[in-house]
Ligand SMILES: C[S@@+](CC[C@H](N)C(=O)[O-])C[C@H]1O[C@@H](n2cnc3c(N)ncnc32)[C@H](O)[C@@H]1O
């Protein structure tokens, strides 16, 4: 069985024969799809992955439960031998501390909501084009979903957030996004339609950001709508967003990376890096600061670093620090909407404090 997959809804952008397999066995149950050996292997691998993930999740939950119980016991033991009046004072101060923490979190949540609502009215519109899910493996789709979660969390912490759009949100991509706790409450525009349909009357303002464009982005214009290709592809689909934009007759632009730093390989960045750069630029109006704050050290060439030796130590340190924090930030995103869970308070607080995104 061979399938041709179109790169997007428009005919002819890019077609690719996929490695859909030939069935190797006769199908005993005609209502079930015939799977080749390779597809079966892939499916089994996927199932194993899901099982392991569920096991890990259950173990982590159990571990947390134990930790909460251990702390509770520790606390009870520590106050057991204290006179009654002192004990009452200690308990009261603990309750009031907890209340303060809760109030602070509620305040932060309300502030974030207010900033995002303001961005919806008058902020910079940024679209993530999700029409490429058929070109990605399940792992790549999961990775993109993680990146989107991260973008939303970083945007929410910004003093000057953008208004995020997810367009072409359908099929597996939509399924995965819907699994994010609290996704339905996100302050974004979620569209099943493609951006070209959803923003039909703004076609002249659409600018597809792509590393393959000849146009260098100088500024961010509030009247424009910047589109980022929702792809995790290790640039397997080289040029796909450029071709798509050209076919649709919309403007394109690349980030002015080359004006400020040399990269060790290509200038193709991940979705979350591009979103973060845009957010940092909205705050600072300075590309150099934005690139150095977001692009990891390992992606910059040594020559580039030497040439830019006049960059402040703080810039470099912030970036390295940032690299180290990627893992913990990823965790933060996952925890972003689980605020009701007491045991997550500490790590979430740490996440907010540790994130060096100053915007
Ligand atoms: C992982 S890249 C996808 C690369 C893909 N092969 C393509 O042709 O766009 C994710 C998206 O980030 C944006 N992007 C990445 N690097 C960029 C750059 N240097 N300038 C402008 N946009 C960039 C583009 O919108 C791109 O589609």
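Neighbour counts of C-beta atoms inside 10 Å place 262, 109 in the sequence 109, 262, starting with the fewest. When the alpha carbon coordinates of segment 148-275 are projected onto the principal axes, the ranges are 40, 32, 32 Å, largest first. Using a 7 Å offset from Cα along Cα-Cβ at residue 197, what residues in segment 128-169 end up with backbone N under 13 Å from the label point? It comes to 131, 167-169, nothing else. Its relative contact order, with pairs defined as Cα atoms under 8 Å and 6+ residues apart, puts segment 155-300 at 23 percent. Each peptide in 239-249, 162-172 was scored by the mean count of other Cβ atoms within 10 Å over its residues; highest first, the order is 162-172, 239-249.
Sorting the segments 282-288, 83-89 by their mean number of nearby beta carbons within 10 angstrom, highest to lowest, gives 282-288, 83-89.
With Kirkwood's inverse mean 1/r over C-alpha pairs for Rh, give me the Rg to Rh ratio of segment 66-181, two decimals please. Ratio of gyration radius to Kirkwood radius for segment 66-181: 1.22.
Here the extension length gained between residue 84 and residue 175 equals 27.3 nm, from 0.36 nm per residue of separation less the Cα-Cα distance. Taking 0.36 nm per residue of separation and subtracting the current Cα-Cα distance, fully stretching the chain between residue 139 and residue 121 would add 3.0 nm.
Label-to-label distance for residue 246 and residue 285 is 3.5 nm, based on points extended 7 Å past Cα in the beta-carbon direction.
Across segment 180-239, the relative contact order, built from alpha-carbon pairs under 8 Å that are at least six residues apart, equals 30 percent. Modelled spin-label separation between residue 57 and residue 216, with each label point placed 7 Å from Cα along the Cα-to-Cβ direction: 4.7 nm.
For residue 68 and residue 110, the FRET efficiency from 1/(1 + (r/R0)^6), where r spans their Cβ atoms and R0 equals 22 Å, is about 0.20. Projected label points at residue 204 and residue 43, each 7 Å from Cα along the beta carbon direction, are separated by 5.3 nanometres.
Summary of the geometry: segment 76-98 and segment 192-225, compared by the centres of their Cα atoms, lie 59 Å apart. Packing order of peptides 58-70, 138-150, highest average first: 138-150, 58-70 (average count of other Cβ atoms within 10 Å over each peptide's residues).
Since every read-out is calculated from the coordinates, none of them should be taken as a lab result. For clarity, every value in this text was computed on a predicted model and none was experimentally measured. Positions of Cβ are generated from backbone atoms using ideal geometry, with glycine treated the same way; all protein chains shown enter the neighbour counts.
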